[in-house]
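The values are calculated or read from the model by the stated rules, or taken from the named source; none is laboratory data. The structure displayed is predicted, hence computed values, not measured ones. Using ideal geometry, Cβ is built from the backbone for each residue, glycine included, and neighbour counts are taken over all protein chains shown. Surface areas here come from the heavy atoms of the whole protein model, side chains and all, with no ligands, DNA or RNA. Shrake-Rupley method; radii C 1.70, N 1.55, O 1.52, S 1.80 Å.
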Amino acid sequence: LQSIDIAHEKMRRGRLFINRGTVENSQINRSPFSYLENPEAERSRYSSNTDKEMVVLKMVDEDGYELGLISWFAVHPVSMNNSNLLVNSDNVGYASYLFEQEKNKGMLPGEGSFVAAFASSNLGDVSPNTRGPFCANTGESCDNPQSTCPVGGASMCMARGPGKDMFDSTRIIGQNLYLKAKELYEKASQEVTGPLISAHQWVNMSNVSVKLNATHTVKTCKPALGHSFAAGTIDGVGAFNFTQGSVEGDPFWDQIRDQLLGEPSNETKACHKPKPILFNTGEMTWPHPWHPDIVDVQIAAIGSLAILAVPGEFTTMSGRRLREAVKSEFDSHGARGMNVVIAGLCNVYTHYITTYEEYQVQRYEAASTIYGPHTLSAYIQLYRGLAKAIALNATHELSRGPEPPLFNVTSVTLLPSLSAESAPAGKTFGDVLEAVRQEYRETEVAEVTFVGANPRNSAENATEHNFLTVERYSNISSSWRVVLNDASWDTRFSWSKGSRGQSNVTLEWHIPAGTEPGVYRLRYFGHYKKRVSLFRTITVPFEGSSSAFHIT
């Protein structure tokens, strides 16, 4: 909310330039067997089973001063796999970090005026883990329709990125995206001019009638997730014995579902076929509906650029069909040569959208296509309607649609409340438990451990909290200057909970090659809960610092 406020206050007149290009070696299709279900005639029109095109929108003010960019590209930000416990913004975040560090010279991450946004597109079946899936226990490939291993089943089948570990993979993919975006940004010369028009509707996605042809009309379904949803993907495996590609239920899990959550109605079962329903979310309403019925569809058009704000994750072929349909709709109503871009995961979240053909084999993305086999056809029909309204300048004639209900969810939380904390005997919060060495070289890791407190205290009490800084001593001014913070790529903050209200915080600085020699220190900023009476605690800020150390 605060970032929107800041952006709104800084709004000024400017110019837009668009450019597009191909990104290589940065993605694979993680459900290639689903993709192969699409008609051969359709597949033969494309050279790859992923969309490799990046679109960059460059922004400058009227005087040519650089403001920032939005880049759209189809790849999941899952280079950091689900064994990672650090808050981070993954490959696209690293691309953004690199671009902003270059443009906001001498500034800390999150500071400076230039904003580089790396946004998602039709990334539904697209993984950044380019070496593909292997069995974690045996090392053999598990690139099969069920993504299972001979020993250990589906839970052992995981995709590997191009790097030696997930940090390295994040760096490689992020750098690829950054370098291509930089090249496209610098060469962007096609100006986007013309009126700004937005067309938005709310739609009850659980009950859309779709006209497939002159004789056939089909309908979407109440939301539901299939068995393969629980299998997860090769980027983040699920649990138990679920596998991708399940077109039949499992009596054991179906019985548990029926007893805990209620059996899906025959109508919902029939509507979702061949998906075996695991979570019948459209019929689960306690304490609130588990999935939305009312969904946003929206197109924002600036001159010849149409941004399709889609409420979920379209697969590669779903995205191609949607873009093509919208483009031809614009063409047929006199708005020729539109640049159509899919902006994924906009407004409300509705999981995945596969093609009808991909839906039939029920891998993870299909099992997560919550409104049934005709979800894509419904969206294509709806987005055609928006495009027509924009082309004919008739957005005022579009019905608003049924407004989504508002729920008061602030009272419901699954987070345990934070209780009073304590430091070990003879210590206080922020004291050093394990000190830094006196000297480090480039590529080594400087590390310090403090008496810590739950970082949630800080998150809940300070909007723009910085958990750590790396500071360099300046002989000229005889003072310490902050050179890195907790958003810097080379720093890491980890909290480990102990017993009796005690915990530790460890700060790491992975010292990169090219670091300026000199005297440095690491600082930690936290808050702890202090009990002041039987029923009342207060939050107290504190800080800690390592001793000074040399980098040689």
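In the set Asn504, Asn475, which member is in contact with a strand residue (DSSP E or B) (Cβ under 9 Å, 6 or more places away or on another chain) and open to solvent by 70 Å² or more (accessible area, probe 1.4 Å)?
Values: Asn504 fails: open to solvent by 70 Å² or more (accessible area, probe 1.4 Å).
Only one candidate passes the filter, namely Asn475.
So in segment 271-309, with the set limited to residues that are farther than 26 Å from Gln360 by Cα and over 26 Å from the mean Cα position of the chain (by Cα), which one is surrounded by the fewest Cβ atoms within 10 Å (Cβ to Cβ)?
Trp286
Can you pull out every residue in segment 95-138 that is within 25 Å of Ser155 (Cα to Cα), free of Cβ contacts under 8 Å to residues at least 40 places away in the same chain and in a loop (DSSP other than H, G, I, E, B)?
Filtering segment 95-138 for residues within 25 Å of Ser155 (Cα to Cα) gives 123-138.
Retained after the next criterion (residues that are free of Cβ contacts under 8 Å to residues at least 40 places away in the same chain): 131, 134-138.
Across segment 95-138, the qualifying residues are Arg131, Ala136, Asn137, Thr138.
Table: residues versus (1) over 36 Å from the mean Cα position of the chain (by Cα); (2) over 25 Å from Phe167 (Cα atoms).
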{"site": "Arg437", "(1), (2)": "yes, no"}
{"site": "Arg441", "(1), (2)": "no, no"}
{"site": "Ala462", "(1), (2)": "no, yes"}
{"site": "Ser474", "(1), (2)": "yes, yes"}
{"site": "Ser479", "(1), (2)": "yes, yes"}
{"site": "Val483", "(1), (2)": "no, no"}
{"site": "Glu508", "(1), (2)": "no, no"}
{"site": "Ile511", "(1), (2)": "no, no"}
{"site": "Thr515", "(1), (2)": "no, no"}
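Of the conditions (1) of a type in the set (Gly, Ala, Ser); (2) within 23 Å of Pro373 (Cβ to Cβ); (3) in contact (Cβ under 8 Å) with a residue 60 or more places away in the chain, Ser265 clears all except one; give me its number.
It is condition (3) that Ser265 fails.
What number of residues within segment 93-117 are over 20 Å from Asn466 (Cα atoms) and open to solvent by less than 30 Å² (accessible area, probe 1.4 Å)?
4
Give the residues of segment 304-334 that are among the charged types (D, E, K, R) and part of a helix (DSSP H, G or I), sorted by residue number.
Across segment 304-334, the qualifying residues are Arg320, Arg321, Arg323, Glu324, Lys327, Glu329, Asp331.
Going by what's in this entry, would Tyr520 be described as more than 34 Å from the chain's Cα centre (by Cα) and crowded, with 16+ Cβ neighbours inside 10 Å?
So Tyr520 fits the description; yes.
Sort out for me the helices (runs of 4 or more DSSP H) sitting completely within segment 335-419 that have 1 or more residues that are open to solvent by less than 20 Å² (accessible area, probe 1.4 Å) and among the hydroxyl-bearing types (Ser, Thr, Tyr).
Working: elements: 356-359, 364-367, 375-391.
Output list reads 356-359, 375-391.
Run down Asn82, Asn49, Asn25, Asn29 and say which single residue is surrounded by fewer than 19 Cβ atoms within 10 Å (Cβ to Cβ), at pLDDT 95 or above and under 17 Å from Thr130 (Cα atoms).
On the way: Asn82 fails: at pLDDT 95 or above; Asn49 fails: surrounded by fewer than 19 Cβ atoms within 10 Å (Cβ to Cβ); Asn29 fails: surrounded by fewer than 19 Cβ atoms within 10 Å (Cβ to Cβ).
That would be Asn25, the only listed residue that is surrounded by fewer than 19 Cβ atoms within 10 Å (Cβ to Cβ), at pLDDT 95 or above and under 17 Å from Thr130 (Cα atoms).
Do any helices (runs of 4 or more DSSP H) entirely within segment 1-94 hold 3 or more residues that are within 22 Å of Ala309 (Cα to Cα), and if so, which?
Correct list: 2-9.
What is the one condition in (1) at pLDDT 95 or above; (2) surrounded by fewer than 20 Cβ atoms within 10 Å (Cβ to Cβ) that Tyr178 does not satisfy?
(2)
Just to check your reading of the model, which residue among Val218, Val210 is touching a residue at least 60 places away in the same chain (Cβ under 8 Å), open to solvent by 20 Å² or more (accessible area, probe 1.4 Å), more than 28 Å from the chain's Cα centre (by Cα) and not assigned by the TED database to the domain that holds Gln101?
Numbers: Val210 fails: open to solvent by 20 Å² or more (accessible area, probe 1.4 Å).
When all the criteria are applied, what remains is Val218.
Suppose we filter Ser147, Ser79, Ser83 for residues that are in contact with a Ser or Thr (Cβ under 8 Å, 6 or more places away or on another chain), under 30 Å from Val505 (Cα atoms) and small (Gly, Ala, Ser); which single one remains?
The match here is Ser79.
Condition (residue is without any contact (Cβ under 8 Å) to a residue 40 or more places away in the chain and touching a helix residue (DSSP H, G or I) at 6+ places or on another chain (Cβ under 8 Å)) applied to segment 397-405: is it met by at least one residue?
Checking segment 397-405: at least one residue is without any contact (Cβ under 8 Å) to a residue 40 or more places away in the chain and touching a helix residue (DSSP H, G or I) at 6+ places or on another chain (Cβ under 8 Å).
Take the conditions open to solvent by 70 Å² or more (accessible area, probe 1.4 Å), assigned by the TED database to the domain that holds Asp51 and either among the basic types (Lys, Arg) or part of a loop (DSSP other than H, G, I, E, B) (or both) and apply them to Lys164. Does it pass?
Judged against the criteria, Lys164 is a match.
Somewhere in segment 530-542, is a residue outside any strand (DSSP E or B) and not aromatic (Phe, Trp, Tyr)?
Checking segment 530-542: at least one residue is outside any strand (DSSP E or B) and not aromatic (Phe, Trp, Tyr).
Is it fair to say Glu442 is of a type in the set (D, E, K, R) and either part of a loop (DSSP other than H, G, I, E, B) or not assigned by the TED database to the domain that holds Ile511 (or both)? Please lay out each step first, then the result.
Values: of a type in the set (D, E, K, R): yes; either part of a loop (DSSP other than H, G, I, E, B) or not assigned by the TED database to the domain that holds Ile511 (or both): yes.
The answer is yes for Glu442.
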